[in-house]
Each structure stands twice: as structure tokens, then as C-alpha cells.
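Note sheet for the following structure.
The values are calculated or read from the model by the stated rules, or taken from the named source; none is laboratory data. Keep in mind the model is a prediction, meaning the values are calculated, not measured. Positions of Cβ are backbone-derived with ideal geometry, glycine not excepted, and every protein chain shown enters the neighbour counts.
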Amino acid sequence: MRSFREMLGKRWKCEHCSQEHFIPTEWILDGEGALERLPDKLKEMGWERVLIVADGTTWEVAGGRVFDLLKGTVDRVDRIVLPSPPEASEELGREVLGAIGSDTSGLVAVGSGTVNDLTKWAAQRGGLPYLVVPTAASMNGYTSSIAALIVKGVKRTIPSAPPIGVCAEPEVVSSAPQRMTASGYADLQSKSVADIDWHISHLLFGLYYCPLPRMGVSSAEGKLRGAEGRLRRNEPGAVMALLEALLESGMGMTVAGSSSPASGGEHLISHWLDMNAERAGRKPAMHGEQVGLGTIISAKIYELLLQSDPSSWQSDPSDLTPPERRRGEFRRRYGPDAEEVMEQFKAKWVDEGGRKELLKRMAEMWDEMRRVISESLIPAAQLKEKLGSVGAPTRISQIGVDEEEFREAILHAREIRNRWTSLDLAYLVGILPDRVDELLGEVI
């Protein structure tokens, strides 16, 4: 298998993990004239009534055009145009769900990250298929089996069926602001550290792991080598190559049955910043921009771990306090969302005895862990060069976040989700909290 695109709509037994994989996305229309081919595809699927979901901006970019193209093909075309930019909240998802008619055949998401997630979430709950018309190569969630929404004040990845199809027009995708292209490139870089997080969770806890998602993305990523300058100029060919790699990354998550192949500690930093911005009543930076900075931090953690010796590993005494005894601290940090966050953190917190056992296990398999890290890791300095080459942020000042807020994100982002990542590993061996300013120095 060279790419997941070869396996659209198929089931197969994996030669690497022996599990059955399935990609629910059945088709991808791309290239010049892709939108003009969409009406025939809907006719082929037997869709009679559709709901188009867009925001104010994406409606102008492509939503209106899709509406006009489908009017003469299906019996009825409904639309819901969300505020621009829309909020990735369960409340707004319910508005989309409420716009679905009793005889709606399927939904059409016209947009990028949040529009896609809201449509995916609503389609899942409405028991309907959906397809997506991407308007930017800005993130890897188009073809994933999750929707990222804020639920009860906490950013959550919610299981939701991937789109049945993708219709991507080069003219549309490359017309997005270059900042969105750079954000998508930054989001893609996270897979290097996220895959390490996932693999180490497998080694330490016996959790499921498969190398296929990493291999699929690496194949598509090969088309981006040397394309940084063209991405910075938003050239259609380069932007479509980036989108192809992002779609592969999303399908990798679907194959894995979770976001683990592309979402680790670096994404928790981004989600923490999203939650903090919402509590402060301000708009966060773009998802990929935050993820790119988080990826630099995770990469540096792994560099420091590689430089360490197992004999020096020791958790800071301050981290041995059980979550239940930190309730006041959590309430100060998370306000009304404290209990929800605490439940996530409690589920993975390890007591002193458990830490000793984990550290012993790590020391015994240190050679294997070093190999896993070294094979995938892109050093922080190299990551900053790659991100800078396409115009993605490499310093927190570029996303409007001050040092104290980002320091807090590094220290506390692990608390918001029951997933073991580089951030938990850093606390286990004693890199955090002691060396937080050294990590912060990578992005200031």
C-alpha cells in the first residue's frame, strides 16, 4: 500500500498490527473542475435533499457556488450559514443538527476546521452521511473519525464518522489566506512527535499501536519536499500536495481508531490555549499555529530525554500529590470546568509506587525507546527552520500569547485529557517542572 487513497471504502487486514482496518471515505474528487463533477456524484449516491453548512466567509468563497450547482440536481438544497469565524462548540453543533430536515439525505460541509467538525458532529448525531468541500489546506481533520469541540468548557475529540467523500478544487483551496496554508503545514509536522507519544504508550502500557498511519503520511509528505517556497506563495499545486498529505493524516487517524497518530502533547498545548482563550473571552490563534509551537516543545522534551541517563530520572515531589488533593488548585485554574478536567487527569495519574515501576520499565527498555524516538524525531531547531520557511509562527509573540500563559500551558496541558504524552513523560523523569523555562526558551 503506497497511500490510504488506494484503500478508499475498503476493509483489509493489516500486515503490521494484524487488525482489520477500514476507511469509510469512499471517494475524493480533486483537480480542476472538481466542483462541477459534484452534482453527478450526488445523483449517483441518490441524495435528494441536502443541507449545506458554511460560515460567512466560506459561503462567499465556495458555498454559494456549491448551492447553485446542486440546485438543479437534487430536489431541495437547504443551507445554514454560521457566524464567521464559527466557534467550535457543542452549542453551535446543535444549531447545525437542528437545521437538518426529516427527509435530508446528507450534509455538505463547505469550509475548513471548525465547519468540518461541526458538520461531522451533527451528521453523526443525525444518523446521516456528509461530504466536505475543503476551502483551505489548514488542518488534518477533514478525513478523521473525530470532531474536536469544546464540551462543558473542555476541548474534546468526539468520535464521529468521516466524510463519505471529499471534493477539493485547487482554485478554492489555494485562495485561502497563506496563513491558513502555513497553519496546515504546521499541523502536519506534529505527526513526528505524536507518533512517538503513541508508540511509547504502547511500550509502557501495552496500548494498541500500528505504524501504518505514519507510513501513509510519510509517503504523501514526500511530494512536499522542497515545496516550502511554493507553499509560502500559495501556489495551487503545492497547496493541493499539502492537502493530500493532510487527508492522508486524517485517514491515518481513522485507521487507528483514534487521533493518537497525529495528536499528542503538542495538541494538548493547543487545546489548553483554546480553553484559556475562551475563559478570557478572546479568540485563540489558528489551530495549526498553536500546534506548531507545541510540536517544538514536545521535540525539545524528547531531545532532553535522549540526553539523560536513567539513573537521573526522578519525579519532582510536588507532582506526587493526588489530584483529589489539588481540587483548590484546579478550581483556580479552570473555574467551572475544574471537575471535568480533574476527571480526565485522575484517570491517568500515577502514584509514587506506580512511578517507580514505570521508571524501572523505562530503564529496562531504554535502548528500544531511544530507537523509537531517534527514528521519528525532528529536532526542535530543524522544526523551527521548517515552520519558518512557510511563514508559520516559531515564537509565541507571533500568536499573541505571553510567556506566562505559554509557561502555564506547558506545565498544565497534560491535565485536560486522559492520554499519555510527552508532557506526562517529562513529569515522570523530572524534566518538568524544573526545566520549564528551558523549554519555553525555544519559542520566545
Helices (runs of 4 or more DSSP H) wholly inside the range 326-434 containing at least 1 residues that are farther than 30 Å from Ala182 by Cβ and touching a residue at least 60 places away in the same chain (Cβ under 8 Å): 327-334, 338-346, 352-364, 366-376, 422-429
In the range 47-86, residue surrounded by the fewest Cβ atoms within 10 Å (Cβ to Cβ) [restricted to those that are under 16 Å from Gly101 (Cβ atoms) and under 28 Å from the mean Cα position of the chain (by Cα)]: Arg79
Residue within the range 382-392 that is hydroxyl-bearing (Ser, Thr, Tyr), closer than 30 Å to Gly229 by Cα and either over 21 Å from the mean Cα position of the chain (by Cα) or in the same structural domain as Asp309 (by TED's automatic domain parsing) (or both) present: yes
Boolean, Thr119 is in a helix (DSSP H, G or I) and hydroxyl-bearing (Ser, Thr, Tyr): yes
Pick from the range 87-96, criterion buried (at least 18 other Cβ atoms within 10 Å of the Cβ) and at pLDDT 95 or above, ranking: farthest from Lys152 (Cα to Cα): Val96
Looking only at the range 261-275, and only at residues there that are in a helix (DSSP H, G or I) and under 9 Å from the mean Cα position of the chain (by Cα), the one that is farthest from Trp198 (Cα to Cα): His267
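The rows are residues; the columns are (1) touching a His at 6+ places or on another chain (Cβ under 8 Å); (2) in contact (Cβ under 8 Å) with a residue 40 or more places away in the chain; (3) closer than 14 Å to Cys17 by Cβ.
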{"position": "Ala176", "(1), (2), (3)": "no, yes, no"}
{"position": "Met180", "(1), (2), (3)": "no, yes, no"}
{"position": "Gly184", "(1), (2), (3)": "no, yes, no"}
{"position": "Leu188", "(1), (2), (3)": "no, yes, no"}
{"position": "Ser192", "(1), (2), (3)": "no, yes, no"}
{"position": "Trp198", "(1), (2), (3)": "no, yes, yes"}
{"position": "Leu204", "(1), (2), (3)": "no, yes, no"}
{"position": "Pro213", "(1), (2), (3)": "no, yes, yes"}
{"position": "Gly226", "(1), (2), (3)": "no, no, no"}
Count - residues of the range 319-328 that are surrounded by fewer than 15 Cβ atoms within 10 Å (Cβ to Cβ) and not aliphatic (A, V, I, L, M): 6
Test result for Ser3, under 23 Å from Val239 (Cβ atoms), in contact (Cβ under 8 Å) with a residue 40 or more places away in the chain and out of contact with any Leu (no Cβ under 9 Å at 6 or more places or on another chain): yes
The range 116-143: number of residues that are crowded, with 24+ Cβ neighbours inside 10 Å and out of contact with any Ser or Thr (no Cβ under 6 Å at 6 or more places or on another chain): 13
Scope the range 291-318; condition of a type in the set (S, T, N, Q), assigned to a helix (DSSP H, G or I) and touching a residue at least 60 places away in the same chain (Cβ under 8 Å); matching residues: Thr295, Ser298, Ser312, Ser318
In the range 400-423, the residues that are crowded, with 21+ Cβ neighbours inside 10 Å and more than 19 Å from Ala277 (Cα to Cα): Arg419, Trp420, Thr421, Ser422, Leu423
Segments classed as helices (runs of 4 or more DSSP H), wholly inside the range 149-254, with at least 3 members that are at pLDDT 95 or above and crowded, with 17+ Cβ neighbours inside 10 Å: 170-173, 178-189, 191-205, 228-232
Any hit, the range 310-318, residues being surrounded by 17 or more Cβ atoms within 10 Å (Cβ to Cβ) and farther than 27 Å from Ala186 by Cβ: yes
